[in-house]
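The values are calculated or read from the model by the stated rules, or taken from the named source; none is laboratory data. Just so we're clear, the structure is a prediction, and the values are computed from it rather than from any experiment. So basically every Cβ, Gly included, is an ideal-geometry build from the backbone, and we count neighbours across all protein chains shown. Only protein heavy atoms, including side chains, enter the accessible area calculation; ligands, DNA and RNA are left aside. Shrake-Rupley method; radii C 1.70, N 1.55, O 1.52, S 1.80 Å.
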Amino acid sequence: DETRTARKAVVSTQSTGDSDNYDVNFDAEVEAEELRKFREACEDEQFPDEMDTPTDQPARVRFQKYRGLKSFRTSAWDPMENLPRDYARISQIRNFRNVRKSLIRQATAEKTLGAGTHVDIYLSDVPLSIKSSSSSCLTLYALLPHEQRLSVQHLAQSRHPLSDQVVKGKEQLLAQVGFRRYVIRPVFSQHTKSNKHKMERFMPAAGGNFVASYYAPISLSDSPGLLFKLEQDGSVTLLSTGSLLSCDPDRVVCKRVMLSGHPYKIHKRSAVVRYLFHNREDIAYFRPVQVRTKHGRRGHIKEALGTHGHCKVTFDKPIQQSDTVMLPLYKRIFPKWHFQYF
């Protein structure tokens, strides 16, 4: 502890002593962007997925691509519906685990050299740029069948304990999977055993587990995976560590939006809710969707009251005046098409 305190004192002395050149490399735009992401991350942590119903356009138009689910865990969702055009450019392997075991078994059954065997390899037509480069180490590798094709790759990751940067979904990152390294824009989701997985707007905090999904070449081996942040000066910062989970385009990642309203009048199990909608047409459109409160009460919309968006809701148990009524809506999210080798 004394050593750490001394080091901190030295660092603070050096930083304060060089205060004249502190703002030389300061970028106001980058600082403003980091502040905006930090505020969004704090708001998402305090009020996860909550959103006020817009007043400038009808909710049935704003959320027309969303749907309501009775149960996020058990409700059915067809993974083949409403696929993006980018899915026409990728490949899919049915029964990925069985195919991976079969191909690896075939590769190991062939005549291979044992570990530690000295081998002389002669390369022809080597470019002069490689010969004159400062790096004297070259990596030699071979691909299994289908590993040259693009698909949707999923990495099971755990946030590094020393990483505290705010990373938003679809932000440009550097991925190191096995011997391959490429620049991606991943989508983050929860690591669960369900057939649907809730999207995470930001990379979880230190120690949190998540899955990163992106477009990349198929990898059949159990490869380790790392995610790095690309800095402006060309350096990289380690964000998370993990391993390859699968290459499956059918993995459903859902974005959740919680429209919030507040009880206005309460009588036993019935309540008049306001601010959840702003017109009668939206109430009729979202009437089949089940609502719930922050305290765990569930209910159904019965009818609209007036023309300003007030509605009558019946719950399974009486609710409190301080409770918040929420309407959960879901939409499937796909990775952003961005892939290039680094």
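Some points to look at:
- Residues of segment 159-173 with amide N under 13 Å of a point placed 7 Å along Cα→Cβ from ASN25: none
- Comparing Cα centroids, segment 208-253 and segment 151-207 end up 6 angstrom apart.
- Percent RCO, i.e. relative contact order, over the chain, from Cα pairs under 8 Å lying at least 6 residues apart: 20
- Degrees between helix 28-46 axis and first principal axis of the chain (Cα, 0 to 90, nearest 10): 60
- Using alpha-carbon coordinates, inclination of helix 96-109 to the longest axis of the chain, degrees: 10
- Between the helical axis of 2-17 and the longest alpha-carbon principal axis of the chain there is an angle of about 90 degrees.
- Among VAL119, VAL257, VAL291, residue whose mean-square fluctuation peaks in a GNM of the chain (springs only between Cα atoms under 10 Å): VAL119
- Relative to the Cα centre, the charge distribution of the chain, modelled as +1 at Lys and Arg Cβ and -1 at Asp and Glu Cβ, gives a dipole magnitude of about 2420 debye.
- Counting only protein heavy atoms and a 1.4 Å probe, the chain has 63 square angstrom of accessible area per residue.
- The residue list LEU140, PRO84, PRO335 was ranked by how far each Cα lies along the charge dipole of the chain toward its positive end, using unit charges on Cβ atoms, and PRO84 comes out on top.
- Cross-link reach is defined here as a Cα-Cα straight distance under 28 Å, omitting same-chain residues fewer than 8 places apart; for LYS70 the lysines meeting it are LYS193, LYS196, LYS198, LYS255, LYS265, LYS268, LYS294, LYS302, LYS312, LYS317, LYS331.
- A straight Cα-to-Cα reach below 14 Å connects LYS65 with the aspartates and glutamates GLU81, residues fewer than 8 places away in its own chain not being considered.
- A Gaussian network model of the chain, with springs between Cα atoms under 10 Å, assigns the largest mean-square fluctuation among THR55, THR74, THR108 to THR108.
- Accessible surface of the chain, 1.4 Å probe: 49 percent of it comes from carbon and sulfur atoms.
- Per the Cα gyration tensor, the chain maps to an equivalent ellipsoid with semi-axes of 47, 30, 18 Å, ordered largest to smallest.
- Distant-in-sequence amide contacts of ILE301, defined by a placed amide H-H separation under 5 Å and a gap of 5 or more residues or a different chain, comprise VAL291.
- A Förster radius of 45 Å combined with the Cβ-Cβ distance from ARG62 to ASN95 puts the calculated FRET efficiency at roughly 0.70.
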